[in-house]
Amino acid sequence: MSIDAILPAGGRISGDFARETGTEIKALIALCGRTLLERTLATLRATGRVGRIVVIGPREVVEHPCPHAADAALMEAGSGPANIVRGMEWLWNASGGRYPERILIITTDLPFLTAQAVTGFLDACPADVDVCLPLTRRREFEAGFPGLTIEYVRLRDGQWTMGCAFLVSPTAIANNRAMIERAFAGRKSQIAMVRLLGPLFIVRFLARRLTVADIERRGLQLLGCTGAGIRGCAPELALDIDQPQDYHYALLNCRR
């Protein structure tokens, strides 16, 4: 059964980093002769599992030749969550006024994304869960990308990094727009994200008494929908280009 996908492509970089890559748009960074967006589209098509693909980004992306492999390239809205909603609206209209059962949302700055990483995540997602996101343990990430330093979330049941893909129910997204906007605004800060769960969870997080299961249960209480962190996902889903060191690592290790 094919899954429709939404690809946010509005992430920016600036300053010396942008000058080095030749673009301010992360999706248009080139590695081994192909942009990250081109690589992402080709990978999703190679899975044989992805149906329609909607790319949402700035004019530089929409007017670039890159999105030719997508079914639609839409101008971005005012925020990341608003971009997702715009993609959902396109899929609604393309489906004759109904949402797909679930949608894959995946970012366009994953230089080592593989078809196997995507299908492994999709296969591991329970059919009855509204929101699934990939989790990778520190040791698994470091084994996949030795020598690269990133920030991990330290919980009682391990040190984790979250991947940049989400399998979601469109209804759950539509019903929780305000909370999603808050989460998007605080996504770069661990404390800001934990604060969304409530004061008690901040204390438990700082004391390292919080587990993945605790967060899943609290998410159900807050959002009224089910969620699951999918353990053991491929580290390729978690390495995105945010900093110059990520770009340099990708340049040295990129594959065509």
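The values are calculated or read from the model by the stated rules, or taken from the named source; none is laboratory data. Quick caveat: nothing in here was measured; it's all calculated off a predicted structure. So basically every Cβ, Gly included, is an ideal-geometry build from the backbone, and we count neighbours across all protein chains shown.
Scanning segment 107-116 for residues that are aliphatic (A, V, I, L, M) and outside any loop (DSSP other than H, G, I, E, B) yields a single hit, Ala115. For segment 177-201, the candidate set comprises residues that are β-branched (Val, Ile, Thr) and either surrounded by 15 or more Cβ atoms within 10 Å (Cβ to Cβ) or in contact (Cβ under 8 Å) with a residue 60 or more places away in the chain (or both); within that set, the residue that is farthest from Gly80 (Cα to Cα) is Val194.
Quick grid of which residues meet (1) more than 18 Å from the chain's Cα centre (by Cα); (2) farther than 30 Å from Leu37 by Cα:
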site	(1), (2)
Ile191	yes, yes
Leu200	yes, yes
Leu237	no, no
Pro244	yes, no
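In this structure, is Ala143 surrounded by 16 or more Cβ atoms within 10 Å (Cβ to Cβ), of a type in the set (A, V, I, L, M, F, W, C) and part of a helix (DSSP H, G or I)? Break it down stepwise before answering.
Values: surrounded by 16 or more Cβ atoms within 10 Å (Cβ to Cβ): no; of a type in the set (A, V, I, L, M, F, W, C): yes; part of a helix (DSSP H, G or I): yes.
No, not satisfied.
Please specify each residue of segment 48-74 satisfying the condition of being farther than 16 Å from Ala5 by Cα and not in a helix (DSSP H, G or I). Result: Pro58, Glu63, His64, Pro65.
Taking the listed residues Leu104, Leu135, the one that is under 27 Å from Arg204 (Cα atoms), among the hydrophobic types (A, V, I, L, M, F, W, C) and not in a loop (DSSP other than H, G, I, E, B) is Leu135, with no other qualifying.
Listed here are the residues, each with its yes/no results for (1) over 14 Å from the mean Cα position of the chain (by Cα); (2) more than 21 Å from Trp92 (Cα to Cα); (3) surrounded by fewer than 17 Cβ atoms within 10 Å (Cβ to Cβ); (4) modelled with pLDDT under 95.
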| position | (1), (2), (3), (4) |
| --- | --- |
| Ala5 | no, no, no, no |
| Ile29 | yes, yes, no, no |
| Thr35 | yes, yes, no, no |
| Thr40 | no, yes, no, no |
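Do we have Leu91 as within 28 Å of Gly186 (Cα to Cα), in contact with an Asp or Glu (Cβ under 7 Å, 6 or more places away or on another chain), part of a loop (DSSP other than H, G, I, E, B) and of a type in the set (A, V, I, L, M) here?
Values: within 28 Å of Gly186 (Cα to Cα): yes; in contact with an Asp or Glu (Cβ under 7 Å, 6 or more places away or on another chain): yes; part of a loop (DSSP other than H, G, I, E, B): no; of a type in the set (A, V, I, L, M): yes.
So Leu91 fails the test.
Pairing each residue of segment 54-76 that is more than 17 Å from Trp90 (Cα to Cα) and without any contact (Cβ under 8 Å) to a residue 40 or more places away in the chain with any residue that is in a strand (DSSP E or B) and of a type in the set (A, V, I, L, M), provided the two are 6+ apart or on different chains, yields C-beta distances under 9 Å for Arg59/Met75; Glu60/Ile25; Glu63/Ala73; His64/Ile25; His64/Ala73; Cys66/Val55; Cys66/Ala73. Filter segment 152-211 down to residues that are closer than 23 Å to Leu104 by Cβ, in a loop (DSSP other than H, G, I, E, B) and polar (S, T, N, Q) and give me whichever is modelled with the highest pLDDT. Residue satisfying both the conditions and the ranking: Ser169. If you take the residues of segment 93-115 that are in contact (Cβ under 8 Å) with a residue 12 or more places away in the chain and over 16 Å from the mean Cα position of the chain (by Cα), which of them is surrounded by the fewest Cβ atoms within 10 Å (Cβ to Cβ)? Among them, the one singled out is Glu101.
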